[in-house]
Amino acid sequence: MQPSGPASLRHLRDTFTRLYGGSPRIFRAPGRVNLIGEHTDYSDGFVMPAAIGFYTYVAVGPRNDRKLSVHSINFGDAKQFDLQHISEGPTGHWSDYVRGVASVLQSKGGSLPGANLLIQGDVPVGAGLSSSAAIEVASALALLDNSGVALDRLEVALACQQAEHVYAGTNCGIMDQFISCFGQANHALRLDCRSLVHQSLEIDSKVRIVICNTKVKHELASGEYNLRRSECEAGVRYLKRHLPEIRALRDVDLEELNRWGTGMPEETYRRCRHVVTENERVQAATEALESADLHRFGELMAESQRSLRDDFEVSCKELDLMVKLAESSRGVYGARLTGGGFGGSTVNLVRADAAKKFKQTIEREYQHATGVRPDVYVCCAAEGAGEVRDTAT
Ligand code: GLA
């Protein structure tokens, strides 16, 4: 699972040369884990993600025509698009992300010149670790470099989010694309998803971020994700009758929700309660991290998990089990599902000296209970997207 080493970069370069000729430039973008602040970004709320050391690599070189040729090593598959006539909308093919990014970039910065792309990645797919943002951001950087157009990182993140909406059909918030662009080694970012102001929070070197992949594939585009988003918007419309100045659930506190929201459909009320309380938890978690109070941070993760399970209903029995196993293991501060949910992964804050044992215990116990061997990754927060300047080959 680590093609970032020189051997696989060499393989990427060599394969590019064999397929297209010439010597490519290579860009990469990471997946992410979210420590706390789940399903809050599209309500203008607060999140606390970190980039992880799994990347999608895009090798790029110019073409003489206006075609975009895309080849994926992972899928063993290729596709070609005419940049003058890019069709709209999702098709369910992996190349939708690249096609979408090319189309959105053209709508912002004018026409792109033809390009050859070769893609290889090690971000686990369908694991809630944002492999889609990784391919979007890496493709965007590659296409921009090939066209000589400069776009600042925030615009890149926003363009990729738009591509996800229109070409993947998921009405996601900005968290994933933002952290893929702005991730920092050994730091989480606390992001205000309205102002897009962010603050770096150092992660204690004595702690590891351990990701446990249940192997239950989540499908955000399957409709549940978009449904949750529209339930939050329905809650805002209801509350606006009494609180006309609000724009999103970010503007509501629990007292206001309880005063004006109890007449809503019960399910909508619970969706809103999750978002409102989760935003409060991110604020409390920021203070906990700043004061190195990892026990408090862990309690907030546990509350977040309960709220995601009971109020927002985006957990599943495998995620609940993974959290339960983690909570009864040694050296664990906190555990919760990360990302969109409905499967995918949990995030665990674990004492560095207990991480190896933790991994073994989880692998054994989860497999014992489910028959499925989980993937457990012991991580530190990693760098965001950029060019890979390794010229060793
Ligand atoms: C997915 C989306 C994000 C965010 C999370 C849930 O990862 O892409 O925008 O909404 O789910 O926090």
Convex hull volume of the chain per residue (C-alpha atoms, cubic angstrom): 137 Å³
Full-extension gain in nm, LEU227 to HIS242, via 0.36 nm per residue minus C-alpha separation: 3.0 nm
Accessible-area value, HIS11, 1.4 Å probe, nucleic acids and ligands omitted, Å²: 90 Å²
Two-site FRET efficiency, GLU202 against THR262, from Cβ-Cβ distance with R₀ of 30 Å, rounded to 0.05: 0.15
Proximal charge balance of HIS85 [Cβ under 14 Å; K/R count +1, D/E count -1]: 0
Protection-proxy order for peptides 205-213, 179-187, 227-235, each taking the mean of Cβ atoms within 10 Å per residue, highest first: 179-187, 205-213, 227-235
Taking the stretch 6-202 and dividing mean pair separation by its residue count, relative contact order in percent (alpha carbons under 8 Å, at least six apart): 28 percent
Theoretical gain in end-to-end length, SER291 to LYS217 [0.36 nm per residue, Cα-Cα removed]: 23.0 nm
Ranked by how many other beta carbons lie within 10 Å on average, peptides 113-126, 240-253, 353-366, 306-319 from highest: 113-126, 306-319, 353-366, 240-253
Whole-Hz ³J(HN,Hα) from phi, Karplus 6.51 cos²θ - 1.76 cosθ + 1.60, for the stretch 102-117, glycine and proline x: 4, 5, 5, 4, 5, 5, 8, x, x, 5, 8, x, x, 8, 9, 10
Per residue Cα convex hull volume in Å³ - calculated over the stretch 243-369: 113 Å³
Inter-part distance where the stretch 265-318 and the stretch 170-193 are each reduced to a Cα centre, Å: 18 Å
Span per principal axis, largest first, for the Cα atoms of the stretch 6-202 (Å): 44, 37, 30
Spatially proximal lysines relative to LYS206 (Cα-Cα < 20 Å; intrachain offsets below 8 disregarded): LYS356, LYS357, LYS359
Relative contact order [Cα under 8 Å, 6+ residues apart], the chain, whole percent: 23 percent
Dipole magnitude of the chain, debye to nearest 20 (Cβ charges: Lys/Arg +1, Asp/Glu -1, about Cα centre): 940 debye
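The values are calculated or read from the model by the stated rules, or taken from the named source; none is laboratory data. Given the structure is predicted, the values throughout are model-derived calculations rather than measurements. Every residue, glycine as well, gets a Cβ built from its backbone with ideal geometry; the counts of neighbours run over all protein chains shown. These area figures cover heavy atoms from the full protein model, side chains too; ligands, DNA and RNA do not enter into them. Shrake-Rupley method; radii C 1.70, N 1.55, O 1.52, S 1.80 Å.
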